[in-house]
Amino acid sequence: MMDSGVVAALTDSVKELCSLQSNGSGVGVSHKQPFIIGVAGGTASGKTTVCNMIISQLHDQRVVLVNQDSFYHSLSDEILKNVHEYNFDHPDAFNTELLLSCMEKLKHGQEISIPNYDFKSHRNIEPARKVNPSDVFILEGILVLHYPRVRDLMNMKIFVDTDSDMRLARRIQRDTVERGRNIQNVLEQYARFVKPSFDEFILPSKKYADIIIPRGGDNYVAVDLIVQHIHTKLGQHDLCKIYPNVFVILSTFQIRGMHTLIRDVKTTKHDFIFYADRLIRLVVEHGLGHLPFTEKQIITPTGSVYTGVVFCKRLCGVSIIRSGESMENALRACCKGIKIGKILIHGEGNNGRQLIYEKLPADISSRHVLLLDPVLASGNSAVKAISLLLSKGVAESNIIFLNLIAAPEGIHAVCKKFPTLKIVTSEIDVSLNKDLHVIPGMGEFGDRYFGTDNKRNY
């Protein structure tokens, strides 16, 4: 069985820092980052078995296994004379700086060379192992969760928890068969170094794990759930891996087709409104799904008991004038009699934003707020609007920001400043251009929706 906190852990396992690269035009673009999994546990706990099971089930992805054992320090002739006195399970036995450097390069899409460590000579031998960029990297080793800087690179942290007697039996078999050691030396090493190091360094790192797998490779259910979670994360936009509060509705051919129509410069005003309204309705419905709920039992017309849910009723909408007003009808259609406030923000150059007008429900501080704006571009207006809501006493975690399309720059701006607010969008675009217009985008949404663009005959 899995650890009791595994469901929450699977949700929270994606935490990492954002990294931007400049493309020469002043536009920030986030590079595609791999999914990095750390797998730790005591000696012979079944870490490698778990890793191989994950790799075999991720057969449609490029997965690379990196072993911490490759980063053992090469031993000098002097140390080799008394190698039985050397603690291979201590953190100092590993070249952690090299390990960290290699994992950082892999995370940023660079090729690396990993040492080829020989367990009989206790030295690195040629040739080194070349590792290319990949979709998934699994870093496996007894102490991979011990080092804070290494942990920070991981998207998911796993601890394989196996009975100590079982681990000892496996270690005896492995070291005598694969590494040419006798049983007496294995037992002496275990009592003198392996067990004390496990108690002092390895077991304490268990608290950093997102997921704990009892029984190692025998726990098929745990591995299956992990693989399902990885598949889900790999299918997400990179920004959803960086920010767990960003949600993109599942793309279908219907949604892709509607995006094609509303983005097409040749689409008529009538069709633009029709398909924009359909997409807005989907975004609103998805956003409502993030509201808190309580269970409720009701009686159906057949006299049967049905256990359902009741969503939070203290809800209001706030539209950022004027494009946000296009989303009000969909919200009213989903939430009968909902109160909707207004915020008008005027742009001052490329960065400045001035609050011109606001009309909000008097009791907004006690409500969940659906903030409405179809396009999240630079995020400057959104930050201004959210800051106003917070000044009115609205809890940051009670705000759900709904939009049709979002630029990475806007997501970075909002999520960095408001990490507990939720963003729900139907598509994340590529970037902003020098004029802060979303690319590929769909033009000036308000003008196209309300028919006030005189430059084109929509």
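What follows draws every value from the coordinates through simple rules; no lab data is involved. Keep in mind that what you see is a predicted model, and the values were worked out from it rather than measured. Note: ideal-geometry Cβ built from the backbone for every residue, glycine included; neighbour counts use all protein chains shown.
How do the peptides 237-248, 287-298 rank, highest first, by the average count of neighbouring beta carbon atoms within 10 Å per residue?
On the way: 237-248: 18.9, 287-298: 12.8.
Packing order, densest peptide first, comes out as 237-248, 287-298.
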**OP:** Any lysines with Cα under 27 Å of the Lys392 Cα? List them, leaving off those in the same chain fewer than 8 positions away.
**Re:** Lys313, Lys336, Lys339, Lys342, Lys359, Lys384, Lys416, Lys417, Lys422
Original post:
Of Lys130/Lys195; Lys266/Lys434; Lys130/Lys207; Lys107/Lys241, which ones are farther than 22 Å apart at the Cα?
Top reply: Lys130/Lys195; Lys266/Lys434; Lys130/Lys207
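Under the definition of Cα pairs under 8 Å and six or more residues apart, what whole-number percent is the relative contact order of segment 245-450? Kindly include the intermediate steps, with their values, before the conclusion.
Details: 380 pairs, mean separation 46.8, N = 206.
That works out to 23 percent.
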Original post:
Among all the aspartates and glutamates, which ones have a C-alpha under 12 Å from Lys206's C-alpha, if same-chain residues fewer than 8 places away are not counted?
Top reply: Asp3, Asp161
**OP:** Could you work out the relative contact order of the chain, using alpha carbon pairs under 8 angstrom and six or more residues apart, expressed as a whole percent?
**Re:** 16 percent
**OP:** Counting only DSSP beta bridges with both residues in the chain, tell me the antiparallel percent, nearest 5.
**Re:** 35 percent
**OP:** Arrange Val160, Val150 by Cβ neighbour counts within 10 Å, fewest through most, would you?
**Re:** Val150, Val160
**OP:** Quote the relative contact order of segment 390-452 in percent (integer), defining contacts as alpha-carbon pairs under 8 Å separated by 6+ residues.
**Re:** 31 percent
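Taking other Cβ within 10 Å of each residue's Cβ, how do Glu325, Glu140, Glu111 sort, fewest first?
Details: Glu325 18, Glu140 22, Glu111 10.
Ordered by Cβ neighbours within 10 Å, fewest first: Glu111, Glu325, Glu140.
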**OP:** Taking amide H positions as placed in the peptide plane 1.01 Å from N, state which residues far from Leu315 in sequence (5 or more) or on other chains have amide H under 5 Å from it.
**Re:** His368
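Given the DSSP H assignment, sum -39500 (n - 2.57) over each helix run of at least 4 residues in the chain and divide by its residue total; what's the result at 222 nm in deg cm²/dmol, nearest 500?
Values: 15 runs with 146 residues, N = 458.
The per-residue figure over the chain is -9500 deg cm²/dmol.
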